[in-house]
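**Q** Got a structure for you, questions after.
The values are calculated or read from the model by the stated rules, or taken from the named source; none is laboratory data. Small disclaimer: the values here were computed from a predicted structure and weren't measured. Note: ideal-geometry Cβ built from the backbone for every residue, glycine included; neighbour counts use all protein chains shown. Heavy atoms of the whole protein, side chains included, go into the accessibility calculation; ligands, DNA and RNA do not. Shrake-Rupley method; radii C 1.70, N 1.55, O 1.52, S 1.80 Å.
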Amino acid sequence: MGPFFLVKLSVLALINAFGLFVIYSAWQVSHWGILGSMVAILIVANWVYFSKRMIAAKYLFPGLVFLLVYQLFTMGYTAYISFTNYGTGHNATREDAIAANLAQNENRVPDSPSYPLTVVTGADGELGFAIIDGDDGVLVGTEEQTFEAAPDATVTDGDVTEVPGYSVLTFGEVLEQQNEITSLRVGFDDVDEGSIRTQDGSTGYLYRSVLTYDEATGAITNTDTGVVYSDNGEGSFEAEDGSTLVVGWRVAVGFDNFTKMFTDSRLSGPFLSVLVWTFVFAFLSVATTFFLGLFFAIVFNHPAVRGRKIIRSLLILPYAFPGFLSGLVWAGLLNRRFGFINQVLLGGAEIPWLTDPWLAKLSVIGANLWLGFPYMFLITTGALQAISSEVYEAAKIDGARAGRVFRSITLPLLMISVAPLLIASFAFNFNNFNLIYFVTEGGPNFPGSPIAVGATDILISMVYSVAIESGTQQYGLASAMSILIFVMVGLISWLGFRQTRKLEEVI
Amino acid sequence: MRRSIVITAAVGLTMALAACGGGTGSGEEETTAGAEETTEDGGSAGTLTIWADEFRAAALTDIVAQFEEDKGVTVEIVEKNFDDIKDEFIAQAPTGEGPDIIVGAHDWSGELVTNGLVSPVELGDAAADFSEVAVNAFTYEGSVYGVPYGIENIALVRNNALASDTPATFDELIAQGQATGAEYPVLIQMGEEGDAFHMYPLQTSFGAPVFATDDTGSYIPELALGGDAGTAFADYLASIGQAGSGVLDTAITADIAREAFANGESPYILTGPWNIAPFTEAGIDVTVLPIPSAGGEPAAPFVGVQGFYVNSYSENAILANEFLINYAATEDVQVAMYETGGRIPALTSAAEAVSDDPIAAGFVAAGEIGVPMPSLPQMNSVWAFWGVTEANLVSGVATDPAAAWATMVDNIQGAIDAA
């Protein structure tokens, strides 16, 4: 029962209090998934930290929780979305789609008057409407009972205030039953005439519904034209002539999104050139930043250089800026007409840095070089200092020149420690969305291309452009493309790490 | 044994999380929980949540306070970035976590309706009190989906120190601008990706609207921007672009155009009401005029209308409609929204109340021949191709304007068909 136990106890008490709060909040809004997972986390947390046998789990548990929430759940959910048609027009459930389609096709009868309306309840608590019809005075009716005259009703200032046999709802009571009231339809004796509904509880309008949903067949029928829209299995109600109702719903579509990338001619052409450029971009990004960083590291590692500390700190500066901000600044600097580089450094030469395909590629590599070399400079400086000076002395005694020393000693020894970081850097640049988006927005676009992608688009910016930014949103397709990128990056990293291990075995 | 426990817990948790689907952040839940408490306490009969951007949120404060007092309800205004409102609403509304009302642009309606997220609003007799273009803009497939409050369109803004009378055609305007010796004869923002919105009046003056209209004046998803009229416009763009007379330049972005005009470097700029404040602050005396025609027909700019939508998943439909019809659609609110945002009120009486402002009157006059921006979901497929092609014509990258324009029309059609 030392002080550490007390500290542990109070920390766990805090965690439990927070967890219970989350559980309570989730219960109030009926989020059973969050509730269940929070209960599980709390039980496991208490068990792990109060048990005497779970030593290893005590260290792993926080990391595992974050791994689950931020990595596995995200990945699992992305994978799930990639097998659906989630996107514009397929946004919710089938019930929601039916309700939306029916609501959208319930139209006010042209030239019909507006009726002052009061919400009432009958003796058995059934909701109803009392309206003032210009010719017939007050009419009252419920869902079951069509409108009938109520000659004894009281009307004050154009509003029905009392109806015999019914009680009039106050505004507060109306608000308590909003859903029931907005979905209430009170009809006239003549069915075809339509029915009265209200949106604000004080005015009624005559509506006619064009579509009806048949529970038994699961189809929607247009009562005016007789056209039947049936469930086409792809998340839409479709008529025989191929026309669909506006609102659809989310369904699983199997591998459609994955095959679309290769079979849809609009996507597959640009997809290949974007794929090639993605690899070139990621490779060049790593190579240029690594060699520039290494160059600076070697130069400023030499004892003869004065003011090394200051220069080193200055070199790290670009790393301190947020990447997207640097991207925007570079886009401004490289503007063809007003950019600092053309305007001041090149004396007004209008070089199309961002609008010529090849110069734009050069520009993003250049901007990335500026952003990325400090990182490489940092890690290579560290790695260089870890190499024992004895091997250099031995090389000197053997009469090796500087170039030979670099190739045979410095580089191999350096690679052992930095190769995994280079692979990680490759993976990062493979998905370097910020840089591309803020420097060139993927442009210049391929002239005449059937989708809006351009010469500097990498896969992830193409995903954004195709599936989210342009046209209707296709989250399913975007997820499928993201999964594909994930697999590629994973494969490359795996191959890379296997090679790195061989590197170690050689030495 | 130990390991298997951890793994079992991990798997269970993942499944639980997956089951909850697109659960929302805890912040949202707290708000809802708090709202329920208020109701249970008996303090108020309901809570209305409105998403609006900062300007509109500020304009709504007074009227919301009035509404709360009159009805004994609570109204919560959540400030959002205007550009995020639509996407967040689309993601959150089906989960039941969305707001009751959002303040947005009319051209969202196609997408929102297609996703089944907004309810038709019955304006009733009040419909006649609004300007016709505003109600038409919010009409989609025969139903009105929003209560409009503000109208905006671009116009020709003149620097009175550099030019005093404006000719009737765009070519004469360019000649006049060049004669003044100013740096730019006329400024139209575009940027390397193009800006079809600001270029649209020139395009319509050649008789090439983006979509065809049916006999009631509603847009139908049938492209109309091709053909001879479209080609004539493409040729014209190239002729006044960098390879031609150099009047237009893709390097002129919105920021650059605004700054150049504020510095007195051009007698004319094509811009909207949102840019007037920077000009007057820079001491420029401006007049707002209709846009001269380039191709012979009237130069009709896009008219954008802002308004209120009701969430179709809202649990407070009556309260939301009550607020929209009987409060937001009143003259006071519409004038207040004008004063904070500069957009011309959609309610005719409110528009008249502000019409003694010559700037507002100028934009109204320029918008009289304007057309609502199409709210068809198909419109989303148009922008990117449209802007880039115009940028290519202006920059001279597309050497054959007719072919470039035809390719663009094909690509847009392809994108619409694929969607």
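**Q** How big is region B:49-164 along each principal axis, measuring the range of its Cα positions in Å and listing the largest first?
**A** Rounded to whole Å, the extents work out to 56, 35, 32 Å.
**Q** If you don't mind, another one. How long are the semi-axes of the ellipsoid equivalent to region A:124-261, from square roots of 5 times the Cα gyration tensor eigenvalues, in whole Å, largest first? Intermediate values should be presented prior to the final figure.
**A** On the way: eigenvalues 345, 63, 28 Å².
With the √(5λ) rule applied to region A:124-261, the semi-axes are 42, 18, 12 Å.
**Q** Specify the angular offset, from 0 to 90 degrees and rounded to the nearest 10, of the alpha carbon long axis of helix A:323-333 from the longest principal axis of the alpha carbons in chain A.
**A** It is inclined by approximately 80 degrees.
**Q** Still on this model: Whole percent per 10 Å bin, from 0 to the bin with the longest distance: what is P(r) over all C-alpha pairs of chain B?
**A** Result, from short to long distances: 4, 20, 27, 23, 15, 7, 3, 1, 0 percent.
**Q** Moving to a separate point now. Evaluate the Debye formula for region A:1-151 with equal point scatterers sitting on the alpha carbons, no solvent, and hand back log10 of I(q)/I(0) at q = 0.09, 0.15 Å⁻¹, in q order, two decimals.
**A** Ignoring solvent entirely, the Cα scatterers give -0.64, -0.97.
**Q** Taking all pairs of distinct Cα atoms, average 1/r, flip it, and tell me the Kirkwood hydrodynamic radius of region A:247-347 in Å to one decimal place. Before the final figure, lay out the partial values.
**A** Values: mean 1/r = 0.0533 Å⁻¹.
So the Kirkwood estimate lands at 18.8 Å.
**Q** How many times 2.2 N^0.38 Å is the alpha carbon radius of gyration of region A:305-461?
**A** Numbers: Rg = 20.1 Å, N = 157, 2.2 N^0.38 = 15.0 Å.
The reported ratio for this selection is 1.34.
**Q** Next up: Over the protein assembly as shown, what percent of the accessible surface lies on carbon and sulfur atoms, probe 1.4 Å?
**A** Values: 24620 of 41850 Å².
The computed percentage sits at 59.
**Q** Here's a follow-up. Along its principal axes, what span do the Cα atoms of chain A show, with the longest given first and each in whole Å?
**A** Projected onto the principal axes, the Cα atoms of chain A cover 118, 75, 45 Å.
**Q** So what's the convex hull volume per residue for the Cα atoms of region A:305-359, in Å³? Mind dumping the intermediate values first?
**A** On the way: hull volume 6.6 nm³, N = 55.
So the per-residue hull volume is 121 Å³.
**Q** Here is a follow-up. Quick one: angle between helix A:55-66 and the longest Cα principal axis of chain A, in degrees between 0 and 90, rounded to 10, please.
**A** 60 degrees
**Q** Taking only DSSP H segments of four or more residues, each worth -39500 (n - 2.57), what value at 222 nm results for chain B once the sum is divided by all its residues, to the nearest 500 deg cm²/dmol? Present the calculation step by step, with values, prior to reporting the outcome.
**A** Working: 17 runs with 187 residues, N = 419.
Taking each H run of at least 4 residues, the total per residue is -13500 deg cm²/dmol.
**Q** What list of ³J(HN,Hα) couplings, whole Hz, do you get for region A:33-46 from phi and the Karplus terms 6.51, -1.76, 1.60, once you set θ to phi - 60° and write x for glycine and proline?
**A** x, 5, 4, x, 5, 5, 4, 4, 4, 5, 4, 5, 4, 5
**Q** Taking the protein assembly as shown as the region of interest, what is the percent of Cα-Cα pairs per 10 angstrom bin, listed from the shortest bin to the one with the maximum distance?
**A** Once binned at 10 Å, the Cα pair distances of the protein assembly as shown give 2, 10, 16, 20, 20, 15, 10, 5, 2, 1, 0, 0.
**Q** Take region B:103-159, compute every pairwise Cα distance, and split them into 10 Å bins from 0; I just need the percent in each bin.
**A** Going from the shortest bin to the longest, the percentages are 21, 50, 20, 7, 2.
**Q** Please give the direction-averaged projected area of the C-alpha convex hull for region B:185-327, in square nanometres with one decimal.
**A** Numbers: hull surface 50.8 nm².
Taking the Cα atoms of region B:185-327, their convex hull projects to 12.7 nm² on average.
**Q** Identify the GluC sites (Glu not before Pro) of region A:114-200 meeting these criteria: DSSP loop state and at most 11 other C-beta atoms within 10 Å of the C-beta.
**A** On the way: sites: A:126, A:143, A:144, A:148, A:162, A:173, A:176, A:180, A:193; in loops: A:126, A:143, A:144.
Of the GluC sites (Glu not before Pro), the ones in loops of region A:114-200 whose Cβ has at most 11 other Cβ atoms within 10 Å are A:144.
**Q** Kirkwood Rh over Cα pairs of region A:203-260 into Stokes-Einstein at 25 °C, 0.890 mPa s: D in µm²/s? The partial results should precede the final answer.
**A** Working: Rh = 13.3 Å.
In µm²/s, the coefficient rounds to 185.
**Q** In the Gaussian network model of chain B, springs joining C-alpha atoms below 10 Å, which of B:203, B:178, B:306 carries the largest mean-square fluctuation?
**A** B:178
**Q** Translational diffusion coefficient, Stokes-Einstein: compute it for region B:271-419 using the Kirkwood radius over C-alpha pairs as Rh, at 25 °C and 0.890 mPa s, and state it as an integer in µm² s⁻¹. Kindly include the intermediate steps, with their values, before the conclusion.
**A** Working: Rh = 19.0 Å.
So the translational diffusion coefficient is about 129 µm²/s.
**Q** Beyond 14 Å, what share of the Cα-Cα pairs of region B:354-419 remains, rounded to the nearest whole percent? It would help to have the intermediate numbers written out before the result.
**A** Working: 1471 of 2145 pairs.
Percent of Cα pairs beyond 14 Å in region B:354-419: 69.
**Q** To continue, here is another question. In chain B, which whole DSSP H runs stretch at least 20 Å along their own axis (Cα) and average 1.0 or higher on the Kyte-Doolittle scale? Could the numbers behind the result be given before it?
**A** Values: long enough: B:2-19 (26 Å, 1.35); B:26-41 (23 Å, -1.58); B:54-71 (24 Å, -0.27); B:401-418 (25 Å, 0.46).
Qualifying helices, which must be both long enough and hydrophobic enough, are B:2-19.
**Q** Could you work out how far helix A:94-104 tilts from the main Cα principal axis of chain A, as a 0 to 90 degree angle to the nearest 10?
**A** For A:94-104 against chain A, the angle is about 60 degrees.
**Q** Then there's this: Using only the alpha carbons, work out the radius of gyration and Dmax of region A:272-318 in angstrom.
**A** Both quantities, over Cα of region A:272-318: 15.5, 50 Å.
**Q** Could you give the spread of the C-alpha atoms of region B:151-211 along their three principal axes, from largest to smallest, in whole angstroms?
**A** Extents along the principal axes: 37, 26, 24 Å.
**Q** Then there's this: Taking only DSSP H segments of four or more residues, each worth -39500 (n - 2.57), what value at 222 nm results for chain A once the sum is divided by all its residues, to the nearest 500 deg cm²/dmol? Kindly include the intermediate steps, with their values, before the conclusion.
**A** On the way: 18 runs with 264 residues, N = 507.
Per the formula, -17000 deg cm²/dmol.
**Q** Sticking with this one: Among the chymotrypsin sites (Phe, Trp or Tyr not before Pro) within region A:189-262, which fall in a DSSP loop and have no more than 10 other Cβ atoms within 10 Å of their own Cβ?
**A** Details: sites: A:205, A:207, A:213, A:229, A:237, A:249, A:255, A:258, A:262; in loops: A:249, A:255.
Hits after loop and neighbour filter: A:255.
**Q** Counting only heavy atoms of protein chains, what accessible area per residue, in Å², does chain B have with a probe of 1.4 Å? Could you put the intermediate results ahead of the total?
**A** Numbers: 15620 Å² over 419 residues.
Heavy-atom accessible area per residue stands at 37 Å².
**Q** Taking amide H positions as placed 1.01 Å from N in the peptide plane, with prolines and chain starts having none, which residues 5 or more places from residue B:49, or on another chain, fall under 5 Å of its amide H?
**A** Here the answer is B:76, B:100, B:101, since their amide H atoms fall under 5 Å of that of residue B:49.
**Q** Taking a probe of 1.4 Å, how large is the accessible area per residue of region A:1-72, in Å²? Don't skip to the answer; put the middle values down first.
**A** Numbers: 4750 Å² over 72 residues.
It amounts to 66 Å² per residue over region A:1-72.
**Q** If you don't mind, another one. Expressed as a whole percent, how much of the Cα-Cα distance distribution for region A:227-270 exceeds 12 Å?
**A** Details: 625 of 946 pairs.
Roughly 66 percent, once rounded to a whole number.
**Q** For the pair residue A:494/residue A:109, report the inter-label distance in nm, with labels modelled 7 Å from Cα in the Cβ direction.
**A** Between residue A:494 and residue A:109, the label points sit 6.8 nm apart.
**Q** To continue, here is another question. How big a patch of accessible area, both sides summed and in Å² to the nearest 100, lies buried between A and B at a 1.4 Å probe?
**A** Details: alone 29280 and 18560 Å², together 41850 Å².
The buried area between A and B, both sides summed, comes to about 6000 Å².
**Q** Under 5 Å between amide H atoms, partner at least 5 residues away or on a different chain: which partners does residue B:161 have, H built in plane at 1.01 Å?
**A** The answer is B:285.
**Q** Still on this structure, I have one more. Whats the longest run of chain A with zero trypsin sites (Lys or Arg not before Pro) that are DSSP loop and have at most 12 other Cβ atoms within 10 Å?
**A** Working: sites that count: A:52, A:53, A:306, A:401.
Maximal segment without exposed cleavage sites: A:54-305.
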